[in-house]
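What follows is a short report on a single structure.
Taken together, the values in this text are just the output of simple stated rules run on the coordinates, not laboratory data. This is a predicted model, so every value here is computed, not measured. Here the Cβ is made from the backbone with ideal geometry for all residues, glycine too, and neighbour counts use every protein chain on show.
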Amino acid sequence: MSSNALNDSFVPDLVAIRHDLHAHPEIGFKEKRTSKIVADLLRSWNIEVHTGFGTTGVVGILHGSRGAGSRIGLRADMDALPIVEE
């Protein structure tokens, strides 16, 4: 993945995925479809993917060009809350 990989050309796909995930909510530890979509997207960007953490967790590993050193972690929830929209 190049340093310019997440540019404006990705926005339409990311918006479409966001709408799709919102249309198909999954509650905690049942996000099978959601985790597959996230993992497949990361793999399509040539990001190293590990799955199965906490049942449906997905971890993407980005390797920098400088080798070992400082690291950063980002975390996001993928589960939905069981609510009825009006």
Open item on the list: Against the conditions (1) within 24 Å of Val11 (Cβ to Cβ); (2) in a strand (DSSP E or B), where does Arg75 fall short? Just the number, please.
Closed with: (2)
TODO: Look through the range 56-86, keep the residues that are over 21 Å from the mean Cα position of the chain (by Cα) and over 20 Å from Glu31 (Cβ atoms), and return whichever of them is surrounded by the fewest Cβ atoms within 10 Å (Cβ to Cβ).
DONE: Glu86
TODO: Could you please give the count of residues in the range 8-62 that are assigned to a strand (DSSP E or B) and on the phi < 0 side of the Ramachandran plot?
DONE: 11
